1. Which one is nearest to SER159 (Cα to Cα) among residues in the stretch 38-58 that are touching a residue at least 60 places away in the same chain (Cβ under 8 Å) and of a type in the set (A, V, I, L, M, F, W, C)?
2. Mind checking which residues of the stretch 20-49 are under 16 Å from LEU83 (Cα atoms) and of a type in the set (Phe, Trp, Tyr)?
3. Among (1) part of a helix (DSSP H, G or I); (2) of a type outside the set (Val, Ile, Thr); (3) modelled with pLDDT of 95 or more, which single condition is PRO118 missing?
4. Where in the stretch 1-74 are there strands (runs of 3 or more DSSP E), lying fully within it, with 3 or more residues that are under 27 Å from LYS106 (Cα atoms), open to solvent by 10 Å² or more (accessible area, probe 1.4 Å) and more than 10 Å from the ligand (Cβ to nearest atom)?
5. Kindly indicate whether ARG86 is of a type in the set (D, E, K, R) and in contact with a Pro (Cβ under 9 Å, 6 or more places away or on another chain).
6. Looking only at the stretch 82-102, filter to residues that are open to solvent by 80 Å² or more (accessible area, probe 1.4 Å) and touching a helix residue (DSSP H, G or I) at 6+ places or on another chain (Cβ under 9 Å); which one of those is nearest to the ligand (Cβ to nearest atom)?
7. Filter the stretch 75-115 down to residues that are assigned to a helix (DSSP H, G or I) and closer than 19 Å to ASP28 by Cα, then give me how many there are.
Amino acid sequence: MKAIYPGTFDPISLGHLNIVEKAAKIFDEVILGVADYTAKENYFSFEERVELCRKSCAYIENVQVISFTGLVVDFAREQNCKLLIRGLRAVSDFEYELSLALHNVKLNADIETMFLVPSLRYMYLSSSMIRQLAELNADLKDFVPPAVAEAFKQKMHRST
Ligand code: ADP
C-alpha cells in the first residue's frame, strides 16, 4: 500500500524524518509531498524545501519526494493514493490536524488521513522553533538532518 506524507517542510526536521522512517516501515511506498502553497510565509523557497527533503530522505529506499501545487486531495488522486499520513506531536496539534483531515475527507471522501506519533525524543521539535534557533546561530545537529544544517549556514552566511 502507498501513503502520502504531505507538508510544508520548511525545513524538514529530524521529527519529520522520524515520521517518514516509521511510515516507510509500515507502507510499501511512501511519497513525501512538498506543498508549494502554504498559508504561512516560508523561510526556504519551494525549490530549496524540495531539495532538502530529497537529500534528507535519500537513504530510505521506498520513499520518493514529490512536489505539488494545489489541493493535497487532488495530488493524492493523481498519485493513485488513498491515504494521507500526518504527524501528531501534542494535544496542540490535534485541533488543527482534525480540522484539516475533516476538510480533506469532505473534499474527497475516498481519501483517509492516518496519524503517526513520533518517538519521544522528537516530540518537541518544530520547524518554526528551529528557524528561530538558526537565526541565533544555535548548533542544529540534534534538530535537523545534516543537509538542512548546512543550508541554514549558507543562508546565514549570505545574509551577513
Ligand atoms: P504543514 O505546514 O502542512 O502543517 P509541516 O511541514 O509543518 O506541514 O508538518 C507536516 C506534518 O508533520 C504535520 O502533520 C505536523 O504536525 C507533523 N510534524 C511536524 N513536526 C513534527 C515532529 N517533530 N514530530 C512529528 N510530526 C511532526
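The values are calculated or read from the model by the stated rules, or taken from the named source; none is laboratory data. Here the structure is a predicted model, which is why all the values come from computation and not from measurement. Counting neighbours? That spans all protein chains shown, and the Cβs are built from the backbone with ideal geometry, glycine included. In case anyone asks, the SASA skips ligands and DNA or RNA and just uses the protein heavy atoms, side chains included. Shrake-Rupley method; radii C 1.70, N 1.55, O 1.52, S 1.80 Å.
1. For the stretch 38-58, the residue satisfying everything is PHE44.
2. The one that is under 16 Å from LEU83 (Cα atoms) and of a type in the set (Phe, Trp, Tyr): PHE27.
3. With respect to (1) part of a helix (DSSP H, G or I); (2) of a type outside the set (Val, Ile, Thr); (3) modelled with pLDDT of 95 or more, PRO118 is out only on (1).
4. Working: elements: 2-7, 29-35, 63-68.
In the stretch 1-74, the matching strands (runs of 3 or more DSSP E) lie at 63-68.
5. yes
6. Looking at the filtered set, the residue picked out is ARG89.
7. Counting residues in the stretch 75-115 that are assigned to a helix (DSSP H, G or I) and closer than 19 Å to ASP28 by Cα gives 4.
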